[in-house]
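This report refers to the structure that appears directly beneath it.
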Amino acid sequence: MHCLDLSEDNLSARYQSFTAALWRRRDLRFSMVRTMSLLRALISTVRMVRHTPQLAAGLPPDDAVLLDAPDERLAPALVSAAVGEYEPAAKLLATTRESAEWENRDRYVMRLAAFADKRDGWLADWVRAAPHDPDALVVKAELAVRRAWESPARAERLRETGPLIDAAAEGDPRDPVPWRLALDHARGTHATHSAFEALWEQAVRRSSHHYGCHVAALQFLSAQWYGSHRECFDFAEQAAQDTLPGSLVQALPVRAAFTQLLSGEPTPLQADRIDRAADLAIAVSAQYEPGDPWPAEVRNLLVYVLVGRGRWAAALEQFRLIGAHASSFPWTCFTDDPLGQFLETRDAVKIQVASEMPLRARTVHSDPCGHYA
């Protein structure tokens, strides 16, 4: 097997040989446009071969990337639930409730309910043992809403979950998570705007900057449901402006950008708004450490938006910050294999960035007199 020689001298010789062959005989009759297209394609291919391997620096190998990997607090609860023990999950959610960790609580409730969707024996045991436990009630309500959303008779099934959501809300009146569920429930049951606004008021009264509640409201206001792209963006941008420093709500406009991209090619005005949303999300992402699981979903979503806008280098940087933390969203919107889609997109971004890198490193000559001499 012969290795491809990518030395500078060999590349230069190949280009000269290639162009000479194109123009050696008049009967070839290549047009200038076609010739340049072929040259660009050749150069792009050589760039990809040369630069793609080095762009893998800082990216974990494919087999090290995990989908929706739990953090160090949730992982033991899931392991115990897998063997039918609910006590660690009960202790975890009780801790989040007692210390008002509403953001963590919301994520843990969703993850535990997703696990119970496949294996719910541990949850059934928990509810039997403690039927009035507000933590068991909120997971039970989350699971019921989740299953109703997946049903062909969605609206009817969702209406049946109303009493479960009410019971979870009564379990601890401080908890905003049941109200996030109520917002999702309202969207699926075709609630009026006024009914939704009443629920939204109750949600933000409990936690004015709760990310999950803001996402639920954004979905209700999206063009896919009961609003418009403009209304969705307006809400997201205002929420990002009003929220606390470091909150993921600051990245909410990138979700509005995502829904806009799903609807087709944006107008120039819409594209500007999408780019501003991406820039804001990049700034939010920079506030967190590389490989931090907390902003992983926002970073995954940001990658999709950056790719949609052809911002390849910025997308590759977010892949480096994501590290091994692939998230189901947004990839499940397009495939039943979200991890595979994540990895394929990462490879495509590396190739695209490599194809745009210069073949030769430019030599920078320093000015001995200094910049202002």
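Computed packing ranks the peptides 167-177, 261-271, 194-204 as 167-177, 194-204, 261-271, most packed first, by mean other Cβ atoms within 10 Å. Using a 1.4 Å probe over the heavy atoms of the protein chains, calculate the carbon and sulfur portion of the accessible area of the range 72-129 as a whole percent. Carbon and sulfur together cover 55 percent of it.
Ranking Lys91, Lys350 by solvent-accessible area of protein heavy atoms (1.4 Å probe, all protein chains present), from largest to smallest, gives Lys91, Lys350. Once the chain from Asp172 to Ser99 is taken as fully extended at 0.36 nm per residue, the excess over their C-alpha distance is 25.0 nm. Rolling a 1.4 angstrom probe over the protein heavy atoms with all chains in place gives the range 143-258 an accessible area of 43 Å² per residue.
Each peptide in 79-87, 235-243 receives the mean, over its residues, of other Cβ atoms within 10 Å, and ordering these scores from highest gives 235-243, 79-87. Sorting Ile274, Ile282 by solvent-accessible area of protein heavy atoms yields Ile282, Ile274, largest first, with a 1.4 Å probe. For the range 237-336, the set of chymotrypsin sites (Phe, Trp or Tyr not before Pro) satisfying both a DSSP loop assignment and a count of at most 12 other C-beta atoms within 10 Å is given as Phe334. For Arg309, the accessible surface of its heavy atoms amounts to roughly 70 Å² (probe 1.4 Å, protein chains only, rounded to the nearest 10).
The values are calculated or read from the model by the stated rules, or taken from the named source; none is laboratory data. Worth saying up front: this structure is predicted, and the values here are computed from it rather than measured. In this analysis, Cβ positions are derived from the backbone assuming ideal geometry, glycine residues included, and neighbour counts consider all displayed protein chains. For accessibility, only protein heavy atoms count, side chains too; no ligands or nucleic acids. Shrake-Rupley method; radii C 1.70, N 1.55, O 1.52, S 1.80 Å.
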